[in-house]
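Notes to accompany the following structure.
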Amino acid sequence: MTVGLHYRPGEASRVAYWDSDCYNDRVVSELNVTNRESFSMPEDEKWMWLALEEAKKAAALGEVPIGAVAVLDGEVIGSGYNRKESDLDPTAHAEIIALREAAVKVQNWRLIGVTLYCTLEPCPMCAGAMIQGRLSRLVYGGKDTRFGADGSIVNVMREPSFNHQVEITSGILEEESAALLQDFFRDLRIKRAKQS
């Protein structure tokens, strides 16, 4: 799967898409780019856009919009979106689903060399799964002020006593991740108000 840029003649805007079958016409930024071949989207952003697409699948089901993709050697090996309500499963978090798919793909529970891209800071359960799975790297968007396990509430991810440390990058497409969650909860409040 590759990321490309689509340009309309005479425009400086870029539109992200991942292949000819998966086109996203949302303008992701305004750039003054004249030579499209010289521009490349930062690697972490490229994969985070895919995690955001996963999160939108959750929103379409009425689930809290959180998405995740697991990447190894430039290939998505697992993806997931929040399905707690749909599956009636408290462990059906986007991260857990993506980690399970990744482990099946590599035929090993040790996810050495794998990077997990998540739209939101992981909860303690997901953080524990990442450590247990020997995940190499975590990249996430926004902080979770209710359940965050990378310092927002607890610091599971950076606990030095564990025998494995996950490399962490945060704040990638944070605004986009936050906007998706804010829109979801705003719409939910409006819906509940109408039902009252």
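Can you report the number of residues in the stretch 70-87 which are assigned to a loop (DSSP other than H, G, I, E, B) and either of a type in the set (Asp, Glu) or more than 15 Å from THR119 (Cβ to Cβ) (or both)?
We begin by selecting, within the stretch 70-87, every residue assigned to a loop (DSSP other than H, G, I, E, B); these are 73-74, 82-83.
Still in the running and either of a type in the set (Asp, Glu) or more than 15 Å from THR119 (Cβ to Cβ) (or both): 73-74.
So the count comes out to 2.
Across the stretch 93-102, what is the total count of residues that are within 12 Å of the chain's Cα centre (by Cα) and either open to solvent by 50 Å² or more (accessible area, probe 1.4 Å) or of a type in the set (Ser, Thr, Tyr) (or both)?
Looking only at that region, the number is 0.
Quick test of your reading of the structure: ASP73 fulfils all but one of (1) open to solvent by 10 Å² or more (accessible area, probe 1.4 Å); (2) touching a Phe, Trp or Tyr at 6+ places or on another chain (Cβ under 8 Å). Name the failing condition by number.
Only one criterion in (1) open to solvent by 10 Å² or more (accessible area, probe 1.4 Å); (2) touching a Phe, Trp or Tyr at 6+ places or on another chain (Cβ under 8 Å) is unmet by ASP73, namely (2).
For a quick check of your reading of the model, give me the residue pairs whose first member lies in the stretch 37-65 and is under 15 Å from GLU85 (Cβ atoms) and at pLDDT 95 or above, whose second is buried (at least 17 other Cβ atoms within 10 Å of the Cβ) and among the β-branched types (Val, Ile, Thr), with beta-carbon atoms closer than 7 Å and at least 6 apart or on different chains.
ALA55/ILE66; ALA55/THR119; ALA58/VAL64; ALA58/ILE66
Taking the condition of being in contact (Cβ under 8 Å) with a residue 40 or more places away in the chain and among the hydrophobic types (A, V, I, L, M, F, W, C), how many residues in the stretch 152-196 meet it?
5
The values are calculated or read from the model by the stated rules, or taken from the named source; none is laboratory data. Everything numeric in this text was worked out from a predicted model, so none of it was measured. Cβ coordinates were reconstructed from backbone atoms using ideal geometry, including for glycine residues, and neighbour counts include every protein chain displayed. All accessible areas refer to the heavy atoms of the entire protein, side chains included, with ligands and DNA or RNA removed. Shrake-Rupley method; radii C 1.70, N 1.55, O 1.52, S 1.80 Å.
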